[in-house]
Amino acid sequence: MLTTGVDLVDIPRIERALDRFGDKFLARVYTSDEVRYSRGRPAELAARFAAKEAVAKALGVGMRVLSPTGIGWLEVETLNEMSGKPYVILHGRARTLAEAQGLTEWAVSLSHDSGLAIAFVVATRRS
């Protein structure tokens with residue numbers, strides 16, 4: 001069995017958050033490794049923002065800012081292998097929810113173009 005999640009983010013929205021809140025925004029939404037990898041590039045940050053939302057959807061919950069049963073921003077981390085392939089690491093409540101649902105394998109695809117970033121997540125569940 002599998003579950004999926006997808007999210008689309010407007011890159012200028014992330015640019016505005018960076019301009020307005022700077023490091024405070026980064027620390028609230030992204031892990032230090034995500035910030036380091038993205039090097040302040042709004043398109044990279046937007047794709048990772050979308051990945052967090054897509055993982056929440058795959059888990060069947062929302063983000064905590066929208067739902068008390070949701071997960072926090074820092075509980076989903078999207079990094080890249082040396083080859084550039086992105087991968088997901090779950091922390092805290094997101095990890096607990098995944099384990100409770102038997103979700104053991106995660107795949108993520110990120111893309112950005114023309115002012116939009118998208119993330120598509122697939123998680124497999126043991127039967």
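The values are calculated or read from the model by the stated rules, or taken from the named source; none is laboratory data. This one's a predicted model, so the numbers in the text were calculated from it and none came from an experiment. All Cβ positions, glycine included, derive from the backbone under ideal geometry; neighbour counts span all protein chains shown.
Out of the residues in the range 109-127 that are surrounded by fewer than 16 Cβ atoms within 10 Å (Cβ to Cβ) and in a strand (DSSP E or B), state the one that is modelled with the lowest pLDDT. Walk me through it before giving the result.
Initially, the range 109-127 is screened for residues surrounded by fewer than 16 Cβ atoms within 10 Å (Cβ to Cβ), giving 109, 111, 113-115, 124-127.
Next, only the ones that are in a strand (DSSP E or B) stay: 109, 111, 113, 124-125.
Details: S109: 98, S111: 98, D113: 96, T124: 95, R125: 83.
Applying the filter and picking the extreme gives R125.
Would you check which residues across the range 31-41 are in a helix (DSSP H, G or I) and either buried (at least 17 other Cβ atoms within 10 Å of the Cβ) or touching a Ser or Thr at 6+ places or on another chain (Cβ under 8 Å) (or both) and list them?
Just the residues of the range 31-41 that are in a helix (DSSP H, G or I), to begin with: 32-38.
Once the filter is applied, which keeps residues that are in a helix (DSSP H, G or I) and either buried (at least 17 other Cβ atoms within 10 Å of the Cβ) or touching a Ser or Thr at 6+ places or on another chain (Cβ under 8 Å) (or both), the range 31-41 yields E34, V35, Y37, S38.
Checking the structure you have, find out if any residue of the range 42-61 is part of a helix (DSSP H, G or I) and in contact with a Lys or Arg (Cβ under 8 Å, 6 or more places away or on another chain).
Residues of the range 42-61 that are part of a helix (DSSP H, G or I), as a first pass: 42-59.
Now drop any that are not in contact with a Lys or Arg (Cβ under 8 Å, 6 or more places away or on another chain), which leaves 46.
Yes, the conditions are met somewhere in the range 42-61.
List pairs: first in the range 36-63 and at positive phi, second in a helix (DSSP H, G or I), Cβ under 9 Å, 6+ apart or cross-chain?
Within 9 Å, the pairs are G40/L18; G40/L26; G60/L97.
Condition check: modelled with pLDDT of 95 or more, buried (at least 18 other Cβ atoms within 10 Å of the Cβ) and more than 18 Å from L8 (Cβ to Cβ). Does E75 satisfy that?
Values: modelled with pLDDT of 95 or more: yes; buried (at least 18 other Cβ atoms within 10 Å of the Cβ): yes; more than 18 Å from L8 (Cβ to Cβ): yes.
Spelling it out, E75 is indeed modelled with pLDDT of 95 or more, buried (at least 18 other Cβ atoms within 10 Å of the Cβ) and more than 18 Å from L8 (Cβ to Cβ).
So W106 clears everything in (1) buried (at least 21 other Cβ atoms within 10 Å of the Cβ); (2) closer than 20 Å to T124 by Cα; (3) hydrophobic (A, V, I, L, M, F, W, C); (4) in contact (Cβ under 8 Å) with a residue 40 or more places away in the chain except one condition, right? Which one?
For W106, the failing item is (1).
Scan the range 93-107 residue by residue and report those that are more than 15 Å from T78 (Cα to Cα) and either under 15 Å from the mean Cα position of the chain (by Cα) or basic (K, R) (or both). Spell out how you get there, then give the answer.
Looking only at the range 93-107, we keep the residues that are more than 15 Å from T78 (Cα to Cα), and these are 93, 96-104.
Scanning the range 93-107 gives R93, A98.
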